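Here the structure comes first, spelled out in structure tokens, and everything after it is commentary.
The values are calculated or read from the model by the stated rules, or taken from the named source; none is laboratory data. It should be emphasised that the depicted structure is a prediction, and the values quoted were computed from it without experimental measurement. With ideal geometry, Cβ positions are generated from the backbone for all residues, glycine too; neighbour counts draw on all protein chains shown. Just the protein is used for accessible areas: all its heavy atoms, side chains included, with ligands, DNA and RNA removed. Shrake-Rupley method; radii C 1.70, N 1.55, O 1.52, S 1.80 Å.
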Amino acid sequence: MMANPKITFIGAGSSVFMKNIVGDILQREALTGAEIRLMDINPQRLEESAIIAGKLVQTLGVPATVKTYSNQREALDGTNFVVVCFQIGGYEPSTVVDFDVPKKYNLRQTIADTLGVGGIMRGIRTVPHLWSICEDMLQVAPDAIMLQYVNPMAINTWAIAEKYPTIKQVGLCHSVQGTAMELAHDLDIPYDEIRYRSAGINHMAFYLKFEHRQADGSYRDLYPDLVRAYREGRAPKPTWNPRCPNKVRYEMLTRLGYFVTESSEHFAEYTPYFIKEGREDIIEKFGIPLDEYPKRCIEQIAKWKTTSEEYRKANTIEVKQSKEYASEIVNSVWTGEPGVIYGNVRNNGVITSLPNNAAVEVPCLVDASGIQPTYIGALPPQLTALIRTNINVQELTVAALMTENKEHIYHAAMMDPHTAAELDLEQIWNLVDDLLAAHGDMLPAWARVPKKQRVA
């Protein structure tokens, strides 16, 4: 009889996310007896999550156990898998600061969690906490695998690999499979008839192949169909979010020849072409949803108030499969049954046209030996060039964290495509000053501005 895996959630107060992953795990036969360890610094959120996890176990009628922890190292002691899903500073104060301070400089953002000044700041305040998990893992769970779901994904993955090269880690996102499903829907083709291969960096990976399986077993390239559907106004079809019409990515497809895996609202702020002061015509034409992330946060917070009450009262909870990769990884590593996922890992020569130490998002094979990235080679030159503009920002943010040299935060902001397209050097410098002052104690000590210089 196989032992049961121990799976620790750090930031388990992200209750909806935790519910999806735990639900996926407990529906896999080999994992039904898992020990689910929930750790969070917020006692109320931790209690809510424990109730939900307990009801999932009850609903599925499985022998899994649920334990809660307020101490990170205790939660990690002897664990096999570490799922990380926290947000340092939350919606308030941190997300609000990341949007409001740049607005004073007329620098507008959509999501601000991956790149841009918002992504840089999120990286500076997040990585030290990820490093503290690595430190504890080295002491009490050196062989555990970290499944890292925190943004800014590429900066985080890069910084962990740089400082803790022995930690087994993978950064996980659902944009590759999620976008493939959207494109299949746009073309009215069943998703299970699609074959694709994607590579790049998190939120800026591209489908190098996107094909439809034919009756005779051959495959047909779908790129001409996607371009035609866009030109004829049949694609994109309406998305789940009426604020986000998804036109940016289709436009970029017509310019680059490849479709990017992360949403249009994200992609608009990773490039210098779409959000421009005084060019409301572009914002309107492509339906750029400015301030989208704060709107989502407010909606999610309101929704959670109702949902958490419903879960508390319910005897059973509906369990659906999510499109997250976590349960597949746990299952493959634990049982040896091979799986394939898209993961963020240190490049190490997998994509030959990008730096070796960058964090890349590529197809990975998973089995009892762990997570093994597959070789891609060189990307088309136009994709490599665009991706490098984002890697520059990531590299300088990681350099700031590794050397504790505050100057590199300013350098990262200077290199950001959207920031550089909108602001001059003096404005960029002043903006970073203001952001560091406003974030205050959320930042590591070396990045903080002395109190007397802080702005309200």
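What does the extension gain come out to for residue 446 and residue 426, with contour length at 0.36 nm per residue minus their alpha carbon separation?
Numbers: separation 20, 0.36 × 20 = 7.20 nm, distance 2.23 nm.
Stretched out fully, the residue 446 to residue 426 stretch lengthens by 5.0 nm.
Between residue 378 and residue 223, the simple label model (points 7 Å from Cα in the Cβ direction) yields a spacing of 1.6 nm. Applying 1/(1 + (r/R0)^6) with r as the Cβ-Cβ distance of residue 402 and residue 316 and R0 = 41 angstrom yields a FRET efficiency of 0.30.
This structure gives Kirkwood radius over Cα pairs in Å, computed directly, and of (i) 27.3; (ii) 25.5; (iii) 22.8 that value is listed as (iii).
Calculated mean residue ellipticity, 222 nm, the chain: -14000 deg cm²/dmol, from DSSP H runs (n ≥ 4) at -39500 (n - 2.57) each, averaged per residue and rounded to 500.
Heavy atoms only, 1.4 Å probe, whole protein assembly: order 164, 273 by accessible area, highest first. Before the final figure, lay out the partial values.
On the way: 164 25, 273 110 Å².
My answer, sorted largest first, is 273, 164.
Look at the alpha carbon pairs under 8 Å that are at least 6 residues apart: their mean separation over the length of segment 27-118 gives a relative contact order of 24 percent.
Residues whose amide H lies under 5 Å from that of residue 406, counting only those 5 or more places away or on a different chain, are absent; hydrogens are built 1.01 Å from N in the peptide plane.
Assuming R0 = 35 Å, can you tell me the calculated FRET efficiency for the pair residue 302 and residue 138, based on Cβ-Cβ distance, to the nearest 0.05?
Numbers: r = 40 Å, r/R0 = 1.15.
The calculated FRET efficiency here is 0.30.
Solvent-accessible surface of segment 1-108, taken per residue with a 1.4 Å probe and all protein chains present: 41 Å². Pull up all non-local amide H partners of residue 9: gap of 5 or more, or a different chain, and H-to-H distance under 5 Å with H placed in the peptide plane. Hits under the 5 Å cutoff: 37, 38, 39, 83. Over segment 1-64, Cα pairs under 8 Å with separation of 6+ residues give a relative contact order of 42 percent.
Computed over Cα pairs, the Kirkwood radius of segment 236-296 leads via Stokes-Einstein (1.306 mPa s, 10 °C) to a diffusion coefficient of 133 µm² per second.
Filter the cross-link list 104/451; 103/323; 285/406; 103/163; 305/451 down to pairs whose alpha-carbon distance in this structure exceeds 30 Å. Don't skip to the end; give the middle numbers.
Details: 104/451 21 Å; 103/323 35 Å; 285/406 39 Å; 103/163 34 Å; 305/451 35 Å.
Check vs 30 Å cut-off fails for 103/323; 285/406; 103/163; 305/451.
Here is the tail figure for segment 6-68: Cα pairs spaced more than 15 Å apart come to 39 percent of all pairs. Label sites at residue 96 and residue 352, each approximated as a point 7 angstrom past Cα along Cα to Cβ, lie 5.2 nm apart. Modelled spin labels at residue 256 and residue 276, positioned 7 Å past Cα toward Cβ, are 1.9 nm from each other. When 319, 340 are compared by accessible area of protein heavy atoms, the largest-first order is 340, 319, using a 1.4 Å probe. For the chain, the share of accessible area belonging to carbon and sulfur comes to 51 percent (1.4 Å probe, ligands and nucleic acids excluded).
Kindly give Rg over Rh for segment 295-362, based on alpha-carbon atoms, with the Kirkwood expression for the hydrodynamic radius. Provide the component values of the computation, followed by the final result.
Working: Rg = 19.1 Å, Rh = 16.1 Å.
Here Rg/Rh amounts to 1.19.
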